[in-house]
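To keep things clear, I will list the structure first and then write my remarks on it.
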Amino acid sequence: MRPLDQTLGALMFIGMIAFLFFGFPVAFSLTFTGLFFGMLGVGLGVLNANFFDILPLRIWGTMTNVTLMAVPLFVFMGVVLERSGLAEELLETMALLFGKLRGGIAISVVVVGAILAASTGIVGASVITMGLVSLPTMLRRGYDKRLICGTICASGTLGQIIPPSVILVLLGDIMGISVGDLYIGAVLPGLVLVGLYLIYIVILGIVRPQLAPAIPAAELRDFQREAVKRVTIALIPAFALIVGVLGSIFAGIATPTEAASVGATGGIILTMLKGRFSWPMLRSVMETTTRITSLAFIILVGANCFGLVFRGLNGDHLIQDFLKGLPFGPYGVLAVVMFVIFLLGFFIDFFEIVFIHVPILTPVLVTHFGFDPLWIGVLIGVNLQTSFLTPPFGFALFFLRGVAPPEITTTDIYKGVVPFVGLQLIGLAVVIAFPQLVRALFVVFRG
């Protein structure tokens, strides 16, 4: 590797980080940095004059990638289900079902968050819906404000690790791993996080009951008369959709893209059955889906431009050689990579981390140290979930702030998520300590 390559590659990476920290739009920062240093490299003779002939082919390959077609379909499914009223119905029913326990409403939020994660996977929809429905109820019941905020934000982000997760689709494409395998591998780690949240809330309810009081028995008696009917009506639609989408992927009947189309259709049918369907609603859903998908793909185009030039300048080798030279051993380097991804989550969103940093940081773990790429992919998925919770730029924090009443301050939200970020790091440590969690379900679904 020539010294000029190293210098340009390092300056390019620093320049991209500087643009992001100064608040420039991500896609344009990536594209400008790539084009500028690409032309500089061509001018200095480091890159071939025809180097940029490859770029249109790379972008076309991305736009026609069948795996990535699952992204807009899963987004569409999530937005449709948010409009169907499914979340509200689940929250109201589960709150009464767990109401006799201290912290019962918070427990119900976690359970519903897991169900919504497995049926929609859209963080914004989950956090906003649970914030609108459960936050006023929990305030009225005397729950601690920080516990309310932390529970809603953390539960709303479960869709980023529990399938059908858009993050896992993108990770599978970037890392060259089967998305179906990633979905199977992520189920148990996702449930580990759910379990940690529930254990924390239960213990908190026992140790400090004033923070999470139970619902009065008089209110629960009316519910118990028709409990089975209400729980069944609330759960059947969600579980039918989960089985239809995830079951077809896990059983090998459908690819993630095909299953996503089934989910999108199922979401429309469910909305019709609940009487929420209308043409204006469909138009609104399609506009929202287009905006979210366009955001993802324009960043991906910029990342392609950046990545092409960065690799042409051997910048990826520069970083990977640095990682290989660390005196910490394989698991020490893994810890460094996970810490870097965690730290990046404080300042930039998961799209940039997946498209820019994952292709640079992870190959050394797989090719040099021999780690299982599926396990690494799931670890990154669990780690990236924290980027939605970590101040100051966690999306879940912004979503909740947008729907929270005035008595909930930004400080309440930021302090409330701290214990749950800690729980997510514990969950990440559990998956690192027990890698068999990732492949345990393959015995069931892959024989």
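So what is the relative contact order of the chain, in percent, for Cα pairs below 8 Å that sit 6 or more residues apart?
Values: 661 pairs, mean separation 119.9, N = 447.
Relative CO of the chain lands at 27 percent.
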note = A chain fully extended from residue 139 to residue 432 at 0.36 nm per residue, minus the present Cα-Cα distance, gains in nm 101.8 nm
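What percentage of the solvent-accessible surface of the chain, computed with a 1.4 Å probe over protein heavy atoms, is contributed by carbon and sulfur atoms? List each step's numbers first, then the result.
Details: 12780 of 18310 Å².
Ligands and nucleic acids excluded, carbon and sulfur reach 70 percent.
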Listed residues 256, 280, 373, most fluctuating in the chain (Gaussian network, C-alpha, under 10 Å) = 280
note = One checks the Cα atoms of the range 100-171 and finds Rg and Dmax, in Å, of 12.5, 41
task = Determine the dipole magnitude for the range 128-258: charges of +1 sit on the beta-carbon of Lys and Arg, -1 on that of Asp and Glu, nothing else is charged, the reference point is the Cα centre, and the result goes in debye to the nearest 20.
result = 680 debye
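Taking a probe of 1.4 Å, how large is the accessible area per residue of the range 144-290, in Å²?
Details: 6220 Å² over 147 residues.
Each residue of the range 144-290 exposes 42 Å² on average to a 1.4 Å probe.
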ask   = For the pair residue 100 and residue 65, how long in nm is the line joining their label points, each one 7 Å along Cα→Cβ?
value = 5.1 nm
query = What residues of the range 191-213 lie in the reach of a label at residue 418, counting those whose backbone N is under 11 Å from a point 7 Å from the Cα along Cα→Cβ?
reply = none
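Counting each DSSP H run of 4 or more residues in the chain as -39500 (n - 2.57), what helix-only mean residue ellipticity at 222 nm follows after dividing by all residues, to the nearest 500 deg cm²/dmol? If you can, show how the numbers build up before the last one.
Values: 22 runs with 319 residues, N = 447.
Estimated from H runs of four or more residues: -23000 deg cm²/dmol.
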key: Of 433, 212, 95, the one that fluctuates the most in a GNM where the chain has Cα springs shorter than 10 Å   = 433
key: the range 376-388 - phi-based ³J(HN,Hα) in whole Hz, Karplus 6.51/-1.76/1.60, Gly and Pro as x   = 4, x, 5, 4, 5, x, 5, 5, 5, 4, 5, 5, 7
request  = List the longest stretch of the chain that has no exposed loop site; here a site is one of the chymotrypsin sites (Phe, Trp or Tyr not before Pro) assigned by DSSP to anything other than H, G, I, E or B, with at most 11 other Cβ within 10 Å.
outcome  = 23-327
remark   = Computed for the chain: size of charge dipole around the Cα centre, +1 on C-beta of each Lys and Arg, -1 on C-beta of each Asp and Glu, debye to nearest 20, value 900 debye
task = Kindly provide the trypsin sites (Lys or Arg not before Pro) of the range 266-317 that DSSP labels as loop, not H, G, I, E or B, and whose Cβ sees at most 16 other Cβ atoms within 10 Å.
result = 274, 276
remark   = Reviewing (1) 0.97; (2) 1.30; (3) 0.99, the figure for Rg/Rh (Cα atoms, Kirkwood Rh) actually calculated from this model sits under (3)
ask   = Of 80, 133, 42, which has the largest mean-square fluctuation in a 10 Å C-alpha GNM of the chain?
value = 42
query = Which ³J(HN,Hα) values in Hz, rounded to whole numbers, follow from the phi angles of the range 150-163 under the Karplus curve 6.51 cos²θ - 1.76 cosθ + 1.60, where θ = phi - 60° and Gly and Pro get x?
reply = x, 5, 5, 5, 5, 5, x, 8, 4, x, 8, 10, 7, x
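Give the calculated FRET efficiency between residue 295 and residue 411 to the nearest 0.05, with a Förster radius of 41 Å applied to their Cβ-Cβ distance. Numbers along the way, then the final one.
Values: r = 29 Å, r/R0 = 0.71.
After rounding, the FRET efficiency stands at 0.90.
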query = What is the spin-label model distance, in nm, from residue 251 to residue 340 if the labels are put 7 Å beyond Cα along the C-beta direction?
reply = 4.3 nm
task = Run the quick spin-label model on residue 443 and residue 425: label points 7 Å from Cα toward the beta carbon, then report their separation in nm to one decimal.
result = 3.3 nm
key: 10 Å Cβ shell holding at most 13 others, DSSP loop, GluC sites (Glu not before Pro): longest site-free stretch of the chain   = 1-225
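The values are calculated or read from the model by the stated rules, or taken from the named source; none is laboratory data. Keep in mind it's a predicted model, so treat the numbers as computed, not measured. Note: ideal-geometry Cβ built from the backbone for every residue, glycine included; neighbour counts use all protein chains shown. For accessibility, only protein heavy atoms count, side chains too; no ligands or nucleic acids. Shrake-Rupley method; radii C 1.70, N 1.55, O 1.52, S 1.80 Å.
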